[in-house]
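**Student:** First, the structure itself, so that you have it in front of you.
Here, each number is a calculation from the coordinates, and none is a lab measurement. No experiment lies behind these values; they were computed from the predicted model shown. We place every Cβ from the backbone using ideal geometry, glycine too, and count neighbours over all the protein chains shown.
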Amino acid sequence: MRWLHLSDIHYNPGKDGRSSAQLREKLLLFLKNKKLEVDEIFITGDFRHAFFQKDENILEVAKDSVKYIKEVAKAVGVSSTDNIHIVPGNHDLTRGSNDELDNIIKSYDYDKGDFSTEELIKLLNRFDFFKLVCCELYGDNIFYDELMKNIHTYRLVQNYVLLYMNTSLTCGRSDERGNLVVDNYHLYKTLEDISKTYSDKKIIILAHHSTDCFSKKEREVVETLFNDYPVSYYLCGDSHEVWIKKINNTIELTTGCLVQEKGVENTFCICDTGIGIGKITFYNWNTKFSTWNEYQAFNDYINKVIEDKKDFISGVPLVVDKVQEYNLPNLAVNYRIEESNLKEPFNILTQNNLLYISGISGIGKTSLSIKLSEMLKENKSLKSIFFINGAQIIEAKNLNSVCLESGSKINLLAIIKEGNSLFIIDDLQMGIEGIMEEFWNEISSSNNKSTSYVIVNSQINSEFSKKLNIQYRQSFLTETEQVSYILNWRLPKDKKCSIETVERIKKNTNGHPLLLNSLRALVLYDNSNWEDIVEEESNDFMYHEVDNDKFISKILKRHKEVLERELYSIKWINEKNISESLLSKLITKEGIRKLVSRSFIQINNDTVKVHDIIFRCIDNGDYNEQSIKKYDSDFYNRFYSFFKSQKSKKSGVYFKALHQHENKIFELAKHKNEPSVEWYFYLQSFPNDDMNVIDNFSFEDMDMNQLVKSKDSEYIIGTVFEIVEGESRKNKDSSEYISKIQERILFLKTILAKVNSKTNLYRNIEHHLGKLYRNIGELDEAREYFESVLEKKPERYETKLQLIRIYKSKEMISKEDVLKEYTNLIDEYINGKDISMSVVLAAYMEIYSYDKVGTIKKKYFLEYFEHFFKAVTSVAVETFDLPYNTLALTMKYFTYEHPEKVILFMNSIPVPSVEMINKKNYFDIAQMYKEVGKAIMWSEKNFEKENVNNYFITAENFYNLIDLKNSYRCVQRVENLILLKKYEEAITVLMDNKFENDEFWNYRIGQAMAFSSGSKYDKEMVLKYLQKAIDLCKKENFLSSFYHTKANFLAEIKDLSSASTSYQTALNKCKSEKYIKQIKEDMKKYGLL
């Protein structure tokens, strides 16, 4: 999550003067020009200047302040007020009698920590100006009422819980700072509620005042509470100065103000809590030059303060002790289940490691699964939880290749073997008996018992599961209290449902959760009342009609007047799982909010899930024909507008949306018969034309002039590029390959001659011409085109990468300069330049291969590890090949000295299925698994060491698929066989693939013979191979391992004198403190130390 933190706006344009007006206006320009886009905005109070604006109309003051806030939001790409979060400051209340306030504070008991009801009403009634700000910003009083009711309230925002803390509760006295109290009992209750509802989430607190402003006793209580709960950040303002301090495990960040006065600091802060280490950046206003800039001195100080806190700043530890979750939705805030209904399914799950939940649509099977996953996390050692759409799984064999929401495919059964994972298979529809039997056989095997778990949800009963007593039939809500809670959640007092009405509704709906939420939405949003619903429409929601969807259809009909566009958008997309970002483009975030608030959809990880009952009813609904025509055209344009806007970013959102909506993309593309926008995005989803849309396309039929003149020429010509790339991949081994590429080069040159040389399109064509010339080995021509592109656009990084490679292959620049070019590229990425991750990873691999000394590796792979980590993991949603290629090359750098980093990588990228991987990458995958196994072995932490062999077994499965065509592949596979203790098989592989002049071949055969049981190999033969490895070894850093193995063998055969000499040589050659310690432990074992 990336956020902007502002505080103390004190918006008073009529009296603030020139400097304040200028800094605010230039702030908007600075945010826009620097493209400082964020997900959320936090504003920690003081929206006006109460003293200077005391005689003004407070409604107008509130409107002015909110107008500016919305301008800031627009500048940082925040389009919905749902993403703007505020708390009140001491200027956002109306001050009253000091005597009355003094008496209230004097009566406050720090141990009890709360005020009387009467005192609270008096304190809270003063926030009339803040109420107006809330009303103007959000359009209603819901948030204000929530804050006033709870004093400190909270919401889940992405992967954090935001706690809105009212520290201005007792403001109003001249000596308030250092004497504030905040009702610590309500704060405790709020933190307790968060810990129960979102036990795995970290907390960000928004408050106006620093904890230094609290009275001594209150501060001690509050800071102790922070230590008891996972509070990552405490964000505040008030002092008009910046500061950072640690409160136990919490970082308190104080930001400055947006009004120019003597002795203040005008600042704002942006924090990015991405994967790895979160980055905090402050910006300040330079009054002399009237400019906004990075506040470098304070940013340097921040880095110094938090350098030991890297594990919690981002909310993601560098050593993964936390469960990794893939697509797991959050429970609805108003989710309720009777405790008695949790015990039975939880017992089935923990005793059998497999649970089958059945029940009718909308009854709460998914929510129950998520609740059980939370319970399992507390009771079992899990490393990952996967939430998988079961509708894609047709039969048991599909379990080897299951699709995640991101588009990546995983081998589900392979991950079960690894252990310590939970899978939730949601809405399984077909092949149920065979699939459940496969799960049972896999998960109940003696090796994996009690380490991995599977929960399967379905509307269909399973005879196999019933027979094994692993089926749980989901029941309805039967307790009136639970039904009442759902019906009355967030309803104002005058709309609350009476207990008599609750009982009637419970009887008629049978306590069906989805139906209860749908009825509540009618009252809350569509001006219905309970009397109408119960009396006039009593025949409309009898439970026996639920199964044939009549009930929901009738409810949707009542909502359609205000939701027709939103409902039809789902019908138009025709998917139950929709990209939230795409749907937001079609119907805006406000439209999504309307659907969420009525419980028609759920949102998780940028995916909107439409409940299957709702989806069926929307799909079968009647819509106004005139409206449909208008919506069809509008949605069509917005659909492609979304993909166009995302194309340049090529982020996870883009690739995920391409995958989720490939059916719609295909449906729209198949009606076209020539290159077009539709074809372009079709080829992004199906690069090999899997659906045969472009089968009949011919280059000869294209109208060149029309192609160039079209407003969509970028995408039409882009389609041509994709078709040429596809041909190149298919025909690379063909005898006609070069002649075909030459034809395409001529075609592109003809287009190039018709395009304005100053356009981006011209540069794109030049770049692709360069690639085509490179593909057929004509490097001088390729170089000319790449250089031409960079003359016009020096920051085109993919072109720069191609050119460096040509310079390198033609030896046009020195190795040192090549390395410098690659490090410059990585520096640009680290400094925030928008560079394709494929280019970044290619540069990382080149640095790794080129830097033989290791000083540059240390900088980019260790000191800046978080950037490398982000680069690798961010493209896992796009393809598995690229991250695994990179890691297969670089992982050895971390395996021994920094094994926790290897484990972090493996826990952050799910296991791919074989079909998802290009065959040429099988070796890289095998290497990855082997290195993870070695990292677990060598880690000083307790990382599931009992399952380490599963990694070596999986590696061997991939090694078996490859040809051992060179010595490197041969000895790498043999190392894995030795780790599996398959010494005879290792020796057989080596003797079948002889590379007798390779030091590692000799080392591995000597090692395998030494370890082989029964001493059937002559000791002289073992020593001959080990000594030959030593003699052939050209790399000093491997000699310590060779001598160490030789010493261990000599010690085993009781030649302790020779062993001692070899041990000493191993120590002399060794530069690793960790390995030196290991050698000395072996020496002690044989009494040589």
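**Student:** Would you mind classifying the stretch 4-49 by shape? Square roots of the alpha carbon gyration tensor eigenvalues, ordered a ≥ b ≥ c; an a/c under 1.5 is rounded, otherwise it is prolate if a/b is larger than b/c and oblate if not. If you can, show how the numbers build up before the last one.
**Tutor:** Details: a/c = 3.96, a/b = 1.31, b/c = 3.03.
Oblate shape, in that a/c is at least 1.5 and b/c is the bigger or equal ratio.
**Student:** For the stretch 549-645, count all C-alpha to C-alpha pairs, find those more than 21 Å apart, and express that count as a whole percent of the total.
**Tutor:** So the pairs more than 21 Å apart make up 26 percent of the total in the stretch 549-645.
**Student:** Between 0 and 90 degrees, rounded to the nearest ten: what's the tilt of helix 999-1011 against the longest Cα principal axis of the chain?
**Tutor:** Value to nearest ten degrees: 90.
**Student:** Quick check: residue separation of L59 and F697 times 0.36 nm, minus the Cα distance between them. What number comes out in nm?
**Tutor:** Values: separation 638, 0.36 × 638 = 229.68 nm, distance 6.35 nm.
Length gained, L59 through F697: 223.3 nm.
**Student:** What size of dipole, in debye to the nearest 20, comes out for the stretch 324-473 about its Cα centre when the only charges are +1 on Lys and Arg C-beta atoms and -1 on Asp and Glu C-beta atoms? Walk me through the numbers before you get to the answer.
**Tutor:** On the way: 14 positive and 16 negative charges, 43 e Å.
I would put it at about 200 debye.
**Student:** OK, next. Quick one: plug the Kirkwood hydrodynamic radius of the stretch 1-102 (C-alpha pairs) into Stokes-Einstein at 4 °C, 1.567 mPa s, and report D in µm²/s.
**Tutor:** Values: Rh = 14.7 Å.
It comes out at roughly 88 µm²/s.
**Student:** Taking the Cα centre of the chain as origin, sum charge times position over the Cβ atoms of Lys and Arg (+1) and Asp and Glu (-1), and report the length of that vector in debye to the nearest 20.
**Tutor:** Working: 147 positive and 160 negative charges, 509 e Å.
In total the dipole reaches around 2440 debye.
**Student:** Another one. Given charges of +1 on the Cβ of Lys and Arg and -1 on the Cβ of Asp and Glu, with all other atoms neutral, how large is the dipole of the stretch 2-313 about its Cα centre, in debye to the nearest 20? Intermediate results must be reported in sequence, preceding the final value.
**Tutor:** On the way: 39 positive and 49 negative charges, 196 e Å.
The dipole of the stretch 2-313 has a size of about 940 debye.
**Student:** Once Rh for the stretch 625-696 is found with the Kirkwood sum over Cα pairs, what is the Stokes-Einstein diffusion coefficient at 25 °C and 0.890 mPa s, in µm²/s? Please list the in-between numbers first.
**Tutor:** Working: Rh = 12.9 Å.
Translational diffusion coefficient: 191 µm²/s.
**Student:** Using every pair of alpha-carbon atoms in the stretch 932-1064, split the distances into 5 Å bins beginning at 0 and state the percent of pairs per bin, rounded to integers.
**Tutor:** So the P(r) values, bin by bin, are 2, 11, 18, 21, 20, 17, 9, 3, 0.
**Student:** Quote the relative contact order of the chain in percent (integer), defining contacts as alpha-carbon pairs under 8 Å separated by 6+ residues. Display every interim value, and only then the final one.
**Tutor:** Numbers: 1632 pairs, mean separation 72.0, N = 1089.
Relative CO of the chain lands at 7 percent.
**Student:** Next question, about the same structure. Just list whichever of K647/K833; K815/K852; K34/K758; K26/K870 have alpha carbons separated by over 22 Å in the model shown.
**Tutor:** Pairs exceeding 22 Å: K34/K758; K26/K870.
**Student:** Going from the alpha-carbon gyration tensor of the stretch 964-1025, what semi-axes, largest first and in whole Å, does one get by taking the root of 5 times each eigenvalue? Present the calculation step by step, with values, prior to reporting the outcome.
**Tutor:** Values: eigenvalues 62, 36, 14 Å².
That gives 18, 13, 8 Å for the three semi-axes.
**Student:** Oh, and also: Where both partners of a DSSP beta bridge lie in the stretch 2-313, what percent of those bridges are antiparallel, to the nearest 5? List each step's numbers first, then the result.
**Tutor:** Values: 24 of 46 bridges.
Beta bridges within the stretch 2-313, antiparallel portion: roughly 50 percent.
**Student:** Mean shadow of the chain, computed from the convex hull of its alpha carbons, in nm²? List each step's numbers first, then the result.
**Tutor:** Values: hull surface 200.6 nm².
Seen from a random direction, the Cα hull of the chain projects 50.2 nm² on average.
**Student:** Something else: Determine the sum of side-chain charges near E897: Lys and Arg each +1, Asp and Glu each -1, restricted to other residues whose C-beta is under 13 angstrom from that of E897. Don't skip to the answer; put the middle values down first.
**Tutor:** Values: positive: K857, K858, K892, K901, K934, K1071, K1074, K1077; negative: E900, E931, E940, E1073.
That works out to +4.
**Student:** Tabulate in residue order the Karplus-calculated ³J(HN,Hα) for the stretch 148-157, using 6.51 cos²θ - 1.76 cosθ + 1.60 with θ = phi - 60°, rounded to whole Hz; enter x for Gly and Pro.
**Tutor:** 5, 6, 9, 6, 10, 10, 8, 8, 7, 10
**Student:** Let me have the 222 nm mean residue ellipticity of the chain computed from DSSP H runs of 4+ only, each contributing -39500 (n - 2.57), with the sum over all residues rounded to the nearest 500. Please report the intermediate quantities before stating the final value.
**Tutor:** Working: 46 runs with 568 residues, N = 1089.
Mean residue ellipticity at 222 nm (helix-derived): -16500 deg cm²/dmol.
**Student:** What does the C-alpha gyration tensor say about the overall shape of the stretch 703-827? Classify as rounded when a/c is under 1.5, otherwise prolate if a/b is larger than b/c, or oblate.
**Tutor:** Values: a/c = 2.30, a/b = 1.37, b/c = 1.68.
Cα axes put the stretch 703-827 in the oblate bin.
**Student:** Let me ask you something else. For the stretch 324-473, rounded, prolate or oblate, judged on the Cα gyration tensor with a ≥ b ≥ c (square roots of eigenvalues), a/c < 1.5 rounded, else prolate if a/b > b/c? Walk me through the intermediate numbers first.
**Tutor:** On the way: a/c = 1.20, a/b = 1.17, b/c = 1.02.
It comes out rounded by the Cα gyration axes.
**Student:** Using 32 Å as the Cα-Cα cut-off, could you pick out the over-long pairs in K32/K656; K304/K1069; K810/K858; K279/K571? Let's see the in-between values first.
**Tutor:** Working: K32/K656 27 Å; K304/K1069 36 Å; K810/K858 28 Å; K279/K571 41 Å.
Pairs exceeding the cut-off: K304/K1069; K279/K571.
**Student:** I've got another one for you. Apply the Karplus curve 6.51 cos²θ - 1.76 cosθ + 1.60, θ = phi - 60°, to the phi angles in the stretch 761-777 and return the couplings in whole Hz, x for Gly and Pro.
**Tutor:** Once θ is set to phi - 60°, the couplings for the stretch 761-777 become 4, 4, 5, 4, 5, 4, 4, 5, 4, x, 5, 5, 4, 4, 4, 9, x Hz.
**Student:** Mind checking the full-extension length gain between I394 and E437? Use 0.36 nm per residue of separation minus the Cα-Cα distance, one decimal, nm.
**Tutor:** On the way: separation 43, 0.36 × 43 = 15.48 nm, distance 1.39 nm.
Result for the pair: 14.1 nm of gain on full extension.
**Student:** Turning to a different aspect of this structure: Just add up the charged neighbours of Y848: K/R +1, D/E -1, any other residue whose Cβ is under 13 Å from the Cβ of Y848. Each step should come with its number before you reach the end.
**Tutor:** Details: positive: K852, K857, K858, K859, K892; negative: E846, D851.
It works out to a net charge of +3.
**Student:** Now a separate question. Assuming a viscosity of 1.002 mPa s and a temperature of 20 °C, what translational diffusion coefficient in µm² per second does Stokes-Einstein assign to the stretch 754-891, Rh being the Kirkwood radius over Cα pairs? Intermediate values should be presented prior to the final figure.
**Tutor:** Working: Rh = 15.9 Å.
Reported coefficient: 135 µm²/s.
**Student:** Further, regarding this structure: Let me understand the stretch 2-313 better: what is its radius of gyration from the alpha carbons, and its Dmax, in angstrom?
**Tutor:** Considering the stretch 2-313 through its Cα atoms, Rg and Dmax are 18.5, 53 Å.
**Student:** Then there is this: Compute the angle between helix 580-597 and the longest alpha-carbon principal axis of the chain, please, reported from 0 to 90 degrees and rounded to the nearest 10.
**Tutor:** Roughly 40 degrees between the two axes.
**Student:** Please report how far the C-alpha centroid of the stretch 150-190 lies from that of the stretch 717-773, rounded to the nearest whole angstrom.
**Tutor:** 62
**Student:** Let me ask another. Of W243, W3, how do they rank once you tally other Cβ atoms within 10 Å and put the fewest first? Numbers along the way, then the final one.
**Tutor:** Values: W243 16, W3 25.
Listed from fewest to most nearby Cβ atoms, that is W243, W3.
**Student:** Relative to the longest principal axis of the chain, what angle (0 to 90°, nearest 10) does the C-alpha long axis of helix 881-890 take?
**Tutor:** Result, in degrees: 60.
**Student:** Please report, in whole Å, how far the alpha carbons of the stretch 345-414 spread along each principal axis, starting with the longest.
**Tutor:** Rounded to whole Å, the extents work out to 32, 30, 22 Å.
**Student:** Straight-line reach from K808: which aspartates and glutamates fall under 16 Å, measuring Cα to Cα and dropping same-chain residues less than 8 apart?
**Tutor:** Filter leaves E778, D780, E781, E784, E787, E798, E816, D817, E821, E846, D851.
**Student:** Considering only Y1086, L790, V724, whose Cα is most displaced toward the positive end of the charge dipole of the chain, charges sitting on Cβ of Lys, Arg (+1) and Asp, Glu (-1)?
**Tutor:** Y1086
**Student:** Next up: Suppose we keep just the DSSP beta bridges with both residues in the chain; what percent of those would be antiparallel, to 5? Before the final figure, lay out the partial values.
**Tutor:** Details: 34 of 77 bridges.
Around 45 percent antiparallel, to the nearest 5.
**Student:** Treat the count of other C-beta atoms within 10 Å as a stand-in for reagent exposure and order D114, D690 from fewest to most. Don't skip to the end; give the middle numbers.
**Tutor:** Values: D114 18, D690 11.
Placing the least packed residue first, the sequence is D690, D114.
**Student:** Express in nm, to one decimal, how much length is gained between S1072 and K216 on full extension, taking 0.36 nm for each residue of separation and deducting their alpha carbon distance.
**Tutor:** Details: separation 856, 0.36 × 856 = 308.16 nm, distance 4.98 nm.
Fully extending the segment from S1072 to K216 adds 303.2 nm.
**Student:** Which number do you get for Rg(Cα) / (2.2 N^0.38 Å) in the stretch 174-265? Write down the numbers at each step before the final one.
**Tutor:** Numbers: Rg = 14.1 Å, N = 92, 2.2 N^0.38 = 12.3 Å.
So the Cα radius of gyration is 1.15 times the expected 2.2 N^0.38 Å.
**Student:** Sticking with this structure for a sec: Give the cross-link partners of K466 among the lysines, using a straight C-alpha distance below 28 Å as the criterion and excluding same-chain residues fewer than 8 apart.
**Tutor:** Here the lysines satisfying the reach criterion relative to K466 are K343, K365, K371, K377, K380, K397, K417, K449.
**Student:** Would you please give the residues with an amide H less than 5 Å from that of Y234, counting only those at least 5 places away or on a separate chain, with H modeled from the backbone geometry?
**Tutor:** For Y234, whose amide H was placed from the backbone, the distant partners under 5 Å are I205, I251, E252, L253.
**Student:** On to the next question. Which ordering of I385, I247 is given by a fewest-first count of other beta-carbon atoms within 10 Å? Please report the intermediate quantities before stating the final value.
**Tutor:** On the way: I385 23, I247 17.
By the 10 Å Cβ count, ascending, the order reads I247, I385.
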